[in-house]
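The values are calculated or read from the model by the stated rules, or taken from the named source; none is laboratory data. Not measured: the values here are computed from a predicted model. So basically every Cβ, Gly included, is an ideal-geometry build from the backbone, and we count neighbours across all protein chains shown. Keep in mind that these areas ignore ligands, DNA and RNA; they rest on the heavy atoms of the full protein, side chains included. Shrake-Rupley method; radii C 1.70, N 1.55, O 1.52, S 1.80 Å.
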Amino acid sequence: EWMQQRNYSQQPKVVTQEKIPLTTPLTSMLLNVTLAKQTDPDGVPPLSKPEAQQYEDHYKLAFRACQENAGGATLPGRFDARPEAYARAYAGCGSHTETSYRRSYARLYEATACATHQTDDQFVKLYKERPCDLIGRFVRLQPLNVDRHCPRLFELTSGQPLVNHKSYEPNQVWGFLPQGPFATPQALAESYVFQPKSSNQAAFAIMTNVTNELVGVVQLTHDDPTNLSIQLEAPIVQPQTIGTAMELEACFLLLDRLFALGYRRLQFTTDAQDAVTRKLANRLGFTLEGVLYKHIIVKQASRDSNVYGLLNSDWKRGARAALFGKLYGKTALKADKANEAREAEAEDQARQLAEKELQDKVAQKEAALK
């Protein structure tokens with residue numbers, strides 16, 4: 001219900017021809033929240049007063065938790081670097097996500113940001129400039145922007161040679177997609193990639209953490225908050241990026257955030273003949289649910305569509321752990337599980353203690369009245 005009110009309460013009941021902003025409410029809902037006073041570069045709305053108070057409470061709670069049990073060695077001369085990194089990531093997840101997700105996301109962010117003094121400087125600077133970006137170990141996601149991302153995306157997907165990459169046939173990227181290849185950056189800017197047809201979708205630029213360069217785009221479509229379902233589209237990347245950790249992590253960041261927000265079912269649909277995308281669906285943990293024959297017409301050709309699904313119950317039972325392990329290794333997965341068990345127990349003990357203190361106060365007041 002809160003998703004429906006937040007993202008779609010202001011939608012007109014009659015379909016209009018007005019241009020839909022590229023940064024939709026769905027886009028901003030999936031990003032990190034922040035108390036930063038500077039204007040967000042993508043127009044993400046500021047927190048309300050109650051949300052701001054929750055952010056501060058979550059920040060303080062996470063800071064103390066990391067002080068007591070940091071995820072790694074203290075950076076020399078920067079004793080608060082790890083607690084600050086953990087706290088801003090934990091609080092940035094917002095109040096609607098599951099606490100287990102916040103802890104895991106914050107631990108991953110802490111390990112990435114506090115690896116060295118250089119990375120600490122890098123991520124502190126990034127937080128000040130782009131506080132809402134969704135960050136992983138290899139890539140981060142930010143709202144897709146025509147001016148900032150279109151020229152680079154055209155270079156990546158047009159087939160022309162780039163640095164150490166040879167030229168290639170652009171249909172390797174666009175062959176199974178609704179439009180493309182594109183002759184000019186302007187044509188790409190005017191396509192469905194940058195011109196959403198509906199406000200129930202979101203588009204993100206995939207940026208590398210090492211070079212700060214665009215490597216692709218990932219989109220969500222068919223958002224249905226009433227039934228808590230949404231569709232993930234295959235990332236648009238150049239052939240050299242297909243199957244890499246960068247492509248997988250971009251999807252993982254969205255899957256993990258969506259399930260943490262309460263989505264029950266994620267769908268992934270692909271051309272039945274697209275072997276590359278079928279492989280991606282399997283690697284992400286999706287299950288083939290069926291084939292829609294003569295589903296749609298794409299570029300004047302009939303397309304049969306494979307429909308894949310991933311349920312929140314599957315994600316919790318092992319799909320998340322399997323994908324986490326693929327991305328970050330068995331050691332990181334073991335540490336993630338151990339951290340969650342320890343911190344969940346500590347949180348439960350703190351909750352019980354708070355409840356007991358409240359009960360004692362109530363009992364003292366009742367005794368005083370007698």
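If R0 equals 51 Å, the separation of the Cβ atoms of ALA350 and LYS294 corresponds to a calculated FRET efficiency of about 0.35. Phi angles of the range 315-329 translate, via the Karplus equation with coefficients 6.51, -1.76, 1.60 and θ = phi - 60°, into HN-Hα couplings of 4, 6, 6, x, 5, 5, 4, 5, 6, 4, x, 4, 7, 10, x Hz per residue; Gly and Pro are given as x.
The Stokes-Einstein estimate for the range 160-230, based on a Kirkwood radius over Cα pairs and taken at 37 °C with 0.692 mPa s viscosity, is a diffusion coefficient of 226 µm²/s.
Surface exposure of the chain, expressed per residue as accessible area with a 1.4 Å probe, stands at 52 Å². Annotation: extensible slack from GLN273 through ALA363 equals 25.5 nm (criterion: 0.36 nm per residue apart, minus Cα-Cα distance). Each peptide in 81-94, 123-136 gets a packing score, the mean of other Cβ atoms within 10 Å over its residues, and the list from highest to lowest is 81-94, 123-136. The charge dipole of the chain, taken about its Cα centre with unit charges on the Cβ atoms of Lys, Arg (+1), Asp and Glu (-1) only, comes to about 340 debye. Placing +1 on each Lys and Arg Cβ and -1 on each Asp and Glu Cβ, with no other charges, gives the range 159-236 a dipole about its Cα centre of roughly 140 debye.
Cross-link check: pairs LYS279/LYS334; LYS316/LYS337; LYS197/LYS299; LYS279/LYS326 evaluated at a Cα-Cα cut-off of 22 Å; pairs beyond the cut-off: LYS279/LYS334. Which shape class, rounded, prolate or oblate, goes with the range 230-341 when its Cα gyration tensor gives a ≥ b ≥ c as root eigenvalues, a/c under 1.5 marks rounded, and past that a/b bigger than b/c marks prolate? Taking the square roots of the gyration eigenvalues as a ≥ b ≥ c, the range 230-341 is prolate. Here the calculated FRET efficiency for HIS222 and SER100, from their Cβ-Cβ distance with R0 = 25 Å, stands at 0.40, rounded to the nearest 0.05.
Given a Förster distance of 25 angstrom, what is the FRET efficiency for VAL146 paired with SER302, based on the Cβ-Cβ distance and rounded to 0.05? FRET efficiency, VAL146 to SER302: 0.20. The length gained on full extension between LEU35 and THR116, counted as 0.36 nm times the residue separation minus their Cα-Cα distance, comes to 26.6 nm.
Put a plus charge on the Cβ of each Lys and Arg, a minus charge on the Cβ of each Asp and Glu, and nothing anywhere else: the dipole of the range 279-370 about its Cα centre is then about 580 debye.
Of the solvent-accessible surface of the chain, computed with a 1.4 Å probe and all protein chains present, 53% belongs to carbon and sulfur. Within the shell defined by Cβ-Cβ distances under 12 Å, the residues around ALA341 carry a net charge of -2, with Lys and Arg each +1 and Asp and Glu each -1. The packing ranking of peptides 293-300, 1-8, 27-34, highest mean first, is 27-34, 1-8, 293-300, where packing means the average number of other beta carbon atoms within 10 angstrom of each residue.
Cross-link partners of LYS365 among lysines, defined as those whose alpha carbon lies under 26 angstrom from its own and excluding same-chain residues fewer than eight positions apart: LYS356.
ASP57 contributes an accessible area of around 80 Å² to the protein surface, as traced by a 1.4 Å probe with all chains present. Applying 0.36 nm per residue to the separation of GLU51 and TRP2 and subtracting their alpha-carbon distance, the gain on full extension is 16.3 nm. Note on Rg/Rh (Cα atoms, Kirkwood Rh): of the candidates (i) 1.08; (ii) 1.00; (iii) 1.40, the value calculated from this structure sits at (ii).
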